[in-house]
Amino acid sequence: MPLPALIPGPLAAEEAGVAPATIRKWVQLGHLRAAGKAGRAQLFRLEDVFAAERAARRRPSLSV
């Protein structure tokens, strides 16, 4: 079954193989933008989430 055009953060995280907190962090850092809202939930385009995930793999880690 195909995914809808816009999906909530937790589902986007699951599809990208990251934690929901990672999606929130990407938004906070400006690496990902919500494409809409449903009530209080932010909605994302899956292709945007995958692009942010690919970019995150290319960025050096900030942890020490």
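The values are calculated or read from the model by the stated rules, or taken from the named source; none is laboratory data. Being a predicted model, the structure only gives us computed values, none of them experimental. Don't worry about glycine lacking a Cβ; one is built from the backbone with ideal geometry, like all the others, and counts go over all protein chains shown.
Here are the numbers:
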{"item": "Conditions (1) modelled with pLDDT under 95; (2) under 9 Å from the mean Cα position of the chain (by Cα); number of the one not met by Ala41", "result": "(2)"}
{"item": "All strands (runs of 3 or more DSSP E) inside region 6-52 with 2 or more residues being in contact with a Gly (Cβ under 8 Å, 6 or more places away or on another chain)", "result": "41-45"}
{"item": "Number of the condition not met by Lys25 [criteria: (1) in contact with a helix residue (DSSP H, G or I) (Cβ under 8 Å, 6 or more places away or on another chain); (2) modelled with pLDDT of 95 or more; (3) surrounded by fewer than 17 Cβ atoms within 10 Å (Cβ to Cβ)]", "result": "(1)"}
{"item": "Ala13, sole failed condition from (1) closer than 14 Å to Ala55 by Cβ; (2) under 8 Å from the mean Cα position of the chain (by Cα)", "result": "(1)"}
{"item": "Filtered residue count, region 34-47, keeping only those that are surrounded by fewer than 17 Cβ atoms within 10 Å (Cβ to Cβ), touching a strand residue (DSSP E or B) at 6+ places or on another chain (Cβ under 8 Å) and of a type in the set (D, E, K, R)", "result": "1"}
